[in-house]
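Okay, structure first, notes after.
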Amino acid sequence: MKYPIKGSCQCGQVSYELLEPPQMVVACHCRECQKLSTSAFSITAMVDAKSVVFSGEMAHWQRPAESGNVSAAKFCPGCGNRIYHYNPDQPDQIKLKPSNLSDTRLIQPVAHAWVSEKQDWFEIPAGVKVFDKQP
Ligand SMILES: [Zn+2]
Ligand SMILES: [Zn+2]
């Protein structure tokens, strides 16, 4: 894969460039991620904040996470597409929502979290790490 990889929300108001490969790609099956993704799970690419360059105004929302941390979210105010999550106490680490990337081949989770809340019909692929809750 060639970097940088461009990404944008559905309406195009928010765009970004990912400069280097993510540290890790994780699928999360918690109920919050099911709501977020309108699907069975969401996928997150853990990246260093310095390796993504964003452009366009984003809206903000946050909620308490089970860990006691804050889960903060940035999204496009035009189309509502979620762009990334982060912990305000660790702003150097970004949890990018990678389905917005133009090249989606990197979206291969190596770990699945919150499988205690996963949909019964989804079978965890062989060879990935599995966590009952948050790793
Ligand atoms: Zn948008
Ligand atoms: Zn989740």
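Among SER8, SER102, a tally of other beta-carbon atoms within 10 Å of each Cβ gives an order, fewest to most, of SER102, SER8. Placing dummy labels 7 Å off each Cα toward the beta-carbon, the span from LYS129 to GLN62 is 2.6 nm.
Of all aspartates and glutamates in the structure, those lying under 18 Å Cα to Cα from LYS74, and not within fewer than 8 positions of it along the same chain, are GLU17, GLU32, ASP48, GLU57, ASP89, ASP92.
Cα-based radius of gyration for the chain, normalised by 2.2 N^0.38 Å, reads 1.01. The order of PHE75, PHE41, PHE131, going from fewest to most other C-beta atoms within 10 Å of their C-beta, is PHE131, PHE75, PHE41.
Charges were assigned to the Cβ only: +1 to each Lys and Arg, -1 to each Asp and Glu. The resulting dipole of the chain about its Cα centre is roughly 180 debye. With neighbours defined as other Cβ atoms within 10 Å of a residue's Cβ, the residues LYS2, LYS50, LYS74 order from fewest to most as LYS2, LYS50, LYS74. Pairs over the 23 Å Cα-Cα cut-off, from the set LYS35/LYS97; LYS95/LYS118; LYS2/LYS133; LYS50/LYS129: LYS2/LYS133; LYS50/LYS129.
All of the numbers you see were taken from the coordinates with simple rules; none came from a lab. Quick caveat, the model's predicted, so the values are computed rather than measured. So basically every Cβ, Gly included, is an ideal-geometry build from the backbone, and we count neighbours across all protein chains shown.
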